[in-house]
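Each remark here refers to the structure printed beneath this line.
The values are calculated or read from the model by the stated rules, or taken from the named source; none is laboratory data. Since we're looking at a predicted model, the values are computed, not measured. Cβ coordinates were reconstructed from backbone atoms using ideal geometry, including for glycine residues, and neighbour counts include every protein chain displayed. To get the accessible areas, we keep the full protein, side chains included, count just its heavy atoms, and leave off ligands, DNA and RNA. Shrake-Rupley method; radii C 1.70, N 1.55, O 1.52, S 1.80 Å.
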Amino acid sequence: MKIIFMEYLASLKEREELDAILPDLLIERGYSVISKPAIGTKQFGVDVAAIGTDGDGVRKVFLFSIKPGDLRRRDWDTGEQSLRPSLNQILDVYIPHHIPERYRDLPIVVSLCIGGILHEDVKADVNGFMETNGGENTEFTLWDGDFLADALLSGLLRERFLPKSWRSDFRKCVALVDEPQVSFEHFNRFVVNVLEQCQDARRSQLRAIRQIYIALWTLYVWGREAENIESAYLASEYALLQAWFLARKFTTDASKDARHISDSIERLITLHQSIADDYLKTYVEPRAFVPHGLTSAVPSQFALDINLRLFDILGRVATQGLWLLHETRHRNHDRTDSPSTKFNFSVEQIGELLISLIYTNPILYTPIKDSQATDINIACLFLNQIGRQDVIAKFIRQTSYAVVFAYRRNGPYPCVFDDYQDLLDHPRLDNGYRTKATEASILYPTLAVWAATVNDEETLRNLSDFVSKDLDHCALQLLYPGPDSEEAVYTGGNHGLCSAEINIPSKPEQMLSPILEECNDSRAFYSLSAYSQRRCPLLVTASRHFRMPLPPHLWQEEWSQK
């Protein structure tokens, strides 16, 4: 286990990776962190500052200068990012002028924090520097990957407080990153074990969230090294939703532990966005602007595999866009750590990526599963938010024509099945099969809602005519949150209230008005913690991850502007 963490730590970058983990590790070991990493501000060599005690029990000021990976000669005294100039800044500027007045009389420990090992070719130089500059009130220490791995294993990830299966599941999820689904299943079991050991006390829940955070970071770094972050992407969605379910009652509390819980949730959100951003940059963007680029990149010749993968990517791109849009609207635009400074994509770039993805991969006009309404819905929701109703109109019109044509020609029309084997056998010519395969639908009401939203009366009439003539046996449905939704929406359980008497009229206002009235009457949505605490993208992430319909309330804001 220690080897896993040493390799993990050595792979971390300095900015927003190693420096993001160190404060949690210090707090867990009893330190009080008084300064955290900041972007765009002069730090004078100090990445993290804390107050605590070491082996002698004396209270001291700890000043950490962080460098990623191994420390070699070229990293010690050459270039702007080398370590020695940072240590000189600490001695010359930070210690004399920037330590808070109330801590000035405490002994000072300057810690060289590196994710990897100290190489032999520079060891003498480092030891000589520490001996020369250490004094009566100032000492130097080295926190290398070996020390940090021990600290992780004895602190945030104490195995003796977790089930034995934790060790096996964690090792397997890391070792099997090239088998994403298997790796993800082991990560899920790891998270379940952590949560089962978690007590009701806030401190216990804070520990559990931090354990999940560290484990997710480890999985992501290993996946990045193996050039396969699929497992990390799925795990980041699951980890975020489970952590929110655990912590949602405390994120608005004013207590110290509650503030730490809230900070940990924010870090999980940022980590999830970072993984999603990396996924889009590495796997989607290089192919999204090439005709059929992503279609041809799917490692399968079967149309079903390509269809399932492309709709999954559609949902991922749009979900990340909604997260960035939310962060942009609800964070201070003047902050140097705003979303635009952290990630490869802006909201506008995600919009361009999504539009190109749709236009260059026509298979996205042909959903095969009714549940792919969720991906279509997320994409249209994002496009609507950024004012691209023209793209929505074309997307919905083409999709509507395609699904009607497929059904009437008995081609691969949308069906209610989700099992892969059932989809392989679809469609069949058995008596009564078509009726069973289309016994219910959320897809057709979703298409009709968006056709009405962009005022496309022709498409709406075609859907209305098709449903009345060919799908009179089909129960058209929308799912509204119910009293049980708060306890199930973040964990994947069945929940909500189904409206199974949806009609598709030929006029937009006749389509939208009843749904808007139902949203106004269905008040359970407004009590969902993700809505009340202004984190609506969590509901989108939950719907995408667990393949559940989006709450229709998420459309309401745009309707009210009409």
Between residue 455 and residue 78, what length in nm is gained on full extension when 0.36 nm per residue of separation is reduced by their alpha carbon distance?
129.4 nm
A 1.4 Å probe over the protein heavy atoms gives the chain a carbon and sulfur accessible-area percentage of 48
The stretch 362-444, dipole about Cα centre (Lys/Arg Cβ +1, Asp/Glu Cβ -1), debye to the nearest 20:
420
For the stretch 440-562, the Cα convex hull volume per residue in Å³ comes to 100
Among rounded, prolate and oblate, which fits the stretch 20-106 when a ≥ b ≥ c are the square roots of the eigenvalues of its C-alpha gyration tensor, a/c under 1.5 means rounded, and a/b larger than b/c means prolate?
prolate
In the chain, helical segments from DSSP H whose Cα atoms cover 27 Å or more along their own axis and that average at least -0.5 on the Kyte-Doolittle scale are 202-225, 303-330, 389-408
Taking every DSSP beta bridge with both residues inside the chain, roughly what % is antiparallel (nearest 5)?
40
Tell me which label goes with the value of P(r) over Cα pairs in 10 Å bins from 0, in percent computed from the coordinates here: (1) 3, 16, 25, 23, 16, 9, 5, 2, 0, 0; (2) 3, 15, 21, 18, 14, 13, 10, 5, 1, 0; (3) 3, 12, 17, 18, 14, 10, 8, 7, 5, 3, 1, 0.
(1)
Among the GluC sites (Glu not before Pro) in the stretch 481-562, which ones are in a DSSP loop with at most 11 other Cβ atoms within 10 Å of the Cβ? Mind listing them?
501
Probe of 1.4 angstrom, ligands and nucleic acids ignored: what's the accessible area per residue over the chain, in square angstrom?
42
Please label the shape of the stretch 381-489 as rounded, prolate or oblate, based on the square roots a ≥ b ≥ c of the eigenvalues of the alpha-carbon gyration tensor (a/c under 1.5 means rounded; beyond that, a/b larger than b/c means prolate, else oblate).
oblate
What is the set of long-range amide H partners of residue 48 at a cut-off below 5 Å, with H atoms built 1.01 Å from backbone N?
64
Among 412, 444, 46, whose Cα sits farthest toward the positive end of the charge dipole of the chain (+1 at Cβ of Lys/Arg, -1 at Cβ of Asp/Glu, about the Cα centre)?
444
The stretch 397-453 and the stretch 208-260: distance between their alpha carbon centers, rounded to Å
36
Would you mind working out the magnitude of the charge dipole of the stretch 454-513 relative to its Cα centre, with +1 at each Lys and Arg C-beta and -1 at each Asp and Glu C-beta, to the nearest 20 Debye?
100
Report the relative contact order of the chain, percent, no decimals, based on alpha-carbon pairs under 8 angstrom and at least 6 residues apart.
9
Assigned charges on the beta-carbon of Lys, Arg, Asp, Glu; the chain dipole about Cα centre (debye):
400
From the square roots a ≥ b ≥ c of the eigenvalues of the alpha-carbon gyration tensor of the stretch 199-316, which class results: rounded (a/c under 1.5), prolate (a/b over b/c), or oblate?
prolate
